[in-house]
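Input: a single structure, listed below in structure tokens.
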Amino acid sequence: MKQDDLITLTIESQGVDGVGIGKCQGFTVFVPYALAGDQIVAKVDFVNRKKSVVFASLKEVQVPSQNRVEAPCPVFGKCGGCNLQNATYQSQLQFKAEKVKKNFAKLAGIDIPLPEIVASPLQFGYRNKIALPVSGKKGKVVLGMYKTGTHQVVSLPNNDCLLCQDWAKKVAVLCQNFFNESKIEPYNSKYNSGLVKHVVARFVDGQLLLTVVATKGGAIDYAPLKKQLDRNWAKWGLYENVNSLGNNVILSGKSNHVDGIEAIQSEMGAIKYFIHPDSFFQVNTQAKDLLYKKVKEFVQEFQTEVLLDCFSGVGLLTASLYDESYDTFAFEIEPSATQSADQMKIANNLVRLQNVCGDVLEQLPKVICKLKEKKTTAVVDPPRKGLSPQVIKMFSQNGANNVVYVSCDSATLARDVGLFVQDGYSISKICCFDLFPNTDHVESLVCLQRQTN
Ligand SMILES: C[S@@+](CC[C@H](N)C(=O)[O-])C[C@H]1O[C@@H](n2cnc3c(N)ncnc32)[C@H](O)[C@@H]1O
């Protein structure tokens with residue numbers, strides 16, 4: 001077995017990242033975009049003899065898996081945006097439930113039943129946010145998505161992103177034309193040169209927030225872009241984020257408001273909420289409603305005197321869990337998200353809510369140490385890296401009776417749940433939500449109850 005060899009194999013399973021796995025000549029072969037059940041021809045890209053592992057690329061599907069469909073996107077496999085578009089939706093859901101089960105077994109040694117997974121109301125056109133790298137040359141700028149594993153950009157104006165609706169392409173075309181007509185130089189990561197790096201856009205309820213990420217502040221005349229935004233959207237807001245760092249972090253520090261609306265204002269049922277451009281907001285608007293409903297159902301099963309919502313973002317989940325019968329504390333590190341949460345508190349008259357801006361690790365102890373005698377329910381929804389062990393200890397040592405853990409990364413979730421279990425909690429329920437159709441990502445919800453001795 002050597003590089004560039006063409007090999008024929010049957011894909012036996014898929015890893016938790018969706019990559020197809022088969023065997024050939026005593027090697028374990030990993031093939032992106034190959035599905036369990038496919039018989040394929042693959043080209044060997046890399047051989048690791050010590051580990052008997054081969055990485056290969058899919059060249060031909062000789063006999064398709066029963067789960068295989070034609071991916072509707074013409075740049076599927078080139079653009080790194082999604083990796084499961086070639087699988088039936090039912091098999092995507094099955095894959096995700098199995099992924100969560102596998103991660104619990106492997107990373108926490110916990111055998112859970114195959115969790116129920118709730119489908120997304122939309123399988124395409126569900127994303128409300130897009131971040132587009134800007135590349136190319138002055139006058140020939142290209143906006144799009146990174147080609148898998150590279151810094152090359154697949155143009156969005158020349159293709160569609162099926163995960164977003166028309167607004168995303170419109171934004172890409174408009175910004176691309178603006179950068180080209182204004183002769184704005186795109187960023188070049190090789191030389192750390194150029195002016196414009198990324199365009200980040202969020203579109204919720206007919207309102208667009210657009211952030212241009214530039215290496216220098218105040219160097220762009222946005223007048224022509226504003227004219228175009230006005231022509232296309234009744235409610236738009238334009239921000240500039242200055243990021244001169246040579247790393248791959250998109251936004252740096254606080255974005256500056258240039259013109260238009262400062263925040264998206266919308267409603268979920270009777271709850272009014274606000275989103276600023278630097279704040280986290282769930283990308284799948286419709287599926288998020290189902291997730292929040294389930295979190296509420298879980299919380300309502302507990303007797304609660306104090307609710308702690310950790311990693312609370314703009315506070316929409318907090319508001320949907322709010323109840324006049326208990327005090328609610330919401331902890332969030334991003335100042336603009338806490339600003340949105342404070343606006344939400346006023347707009348909805350949530351008198352028993354206190355929004356705390358800061359690191360959970362620093363702010364939670366100040367509140368939780370006073371709650372030992374109270375029946376406390378905690379909701380945690382951390383970023384992908386999960387919880388720090390100190391936060392888990394804070395809950396167990398201060399008597400948080402119940403913890404509802406919301407997670408977009410089932411590997412760190414499994415690791416953390418393992419620690420909760422060691423500290424005397426037991427899993428009472430697990431449920432998954434497909435917030436990210438056509439990708440290998442999955443949102444999970446775990447209910448943990450503290451065992452009384
Ligand atoms: C996955 S989001 C969840 C937001 C919210 N629950 C929702 O559904 O919109 C995680 C949030 O945690 C915040 N965050 C990250 N690290 C934090 C920390 N150390 N302390 C407090 N908040 C943090 C992020 O800014 C982000 O808003």
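The values are calculated or read from the model by the stated rules, or taken from the named source; none is laboratory data. These figures come from a predicted structure and were not determined experimentally. Backbone-built Cβ (ideal geometry, glycine too); neighbour counts: all protein chains shown. Remember, those area values only see protein heavy atoms, side chains included, never the ligands or the DNA or RNA. Shrake-Rupley method; radii C 1.70, N 1.55, O 1.52, S 1.80 Å.
Taking every DSSP bridge with both residues inside the chain, close to 65 percent are antiparallel.
For residue 232, what charge total do you get from the other residues with a beta carbon under 13 Å from its beta carbon, if Lys and Arg give +1 and Asp and Glu give -1? Once all neighbours under 13 Å are counted, the net charge is +4. The local environment of residue 160, defined by Cβ-Cβ distances under 14 Å, has a net charge of +3 under the rule Lys, Arg +1 and Asp, Glu -1. Between residue 12 and residue 259, the contour length at 0.36 nm per residue exceeds the alpha carbon distance by 83.5 nm. Rolling a 1.4 Å probe over the heavy atoms of the protein chains gives segment 89-148 an accessible area of 48 Å² per residue.
Given in Å, the Rg to one decimal and the Dmax to the nearest whole number for the Cα atoms of segment 229-386 are 16.9, 58. The largest accessible area among 148, 439 belongs to the first residue in 148, 439, and the rest follow in falling order (1.4 Å probe, all chains).
A cut-off of 5 Å between modelled amide H atoms, ignoring neighbours fewer than 5 places along the same chain, links residue 194 with 188. Here the chain has an Rg and Dmax of 23.6, 71 Å, counting Cα atoms alone. Listed values for segment 381-395 are Karplus-derived 3J(HN,Hα) couplings in whole Hz (6.51 cos²θ - 1.76 cosθ + 1.60, θ = phi - 60°), namely 9, x, x, 3, 6, x, 9, 7, x, 5, 5, 4, 4, 4, 5, and x replaces Gly and Pro. Applying the Karplus relation 6.51 cos²θ - 1.76 cosθ + 1.60 with θ = phi - 60° to segment 73-83 yields 3J(HN,Hα) values of 7, x, 9, 4, x, 9, 7, x, x, 9, 10 Hz, where x marks Gly and Pro. Within segment 129-268, what whole-number % of the accessible surface is contributed by carbon and sulfur, with the 1.4 Å probe and all protein chains included in the calculation? Of the solvent-accessible surface of segment 129-268, carbon and sulfur hold 46 percent. Restricting attention to segment 281-450, close to 40% of DSSP beta bridges with both partner residues there are antiparallel.
Taking the charge dipole of segment 281-450 about its Cα centre, with +1 at Lys and Arg Cβ atoms and -1 at Asp and Glu Cβ atoms, the residue from 356, 411, 376 reaching farthest to the positive side is 376.
In this structure, the amide hydrogen of residue 45, modeled 1.01 Å from its nitrogen in the peptide plane, lies closer than 5 angstrom to those of 4, 55, 56, 57, counting only residues at least 5 positions away or on a different chain.
Between residue 354 and 328, 329, 330, the built amide H atoms are under 5 Å apart, and every one of these is 5 or more places off in sequence or on another chain. The stretch between residue 41 and residue 94 holds 16.6 nm of extra length on full extension. This uses 0.36 nm per residue minus the Cα-Cα distance. With a Förster radius of 60 Å applied to the beta-carbon distance between residue 227 and residue 21, the computed FRET efficiency rounds to 0.70.
In this Cβ point-charge picture (+1 for Lys and Arg, -1 for Asp and Glu), the chain has a dipole of about 1080 debye about its Cα centre.
Here the relative contact order of segment 6-68, from alpha carbon pairs under 8 Å that lie six or more residues apart, stands at 31 percent. Roughly how many Å² is the accessible area per residue of segment 6-68, as a whole number, for a 1.4 Å probe? Here the residues of segment 6-68 average 52 Å² of exposed surface. Applying both filters, DSSP loop and at most 12 other Cβ atoms within 10 Å, to the chymotrypsin sites (Phe, Trp or Tyr not before Pro) of segment 181-272 gives 191.
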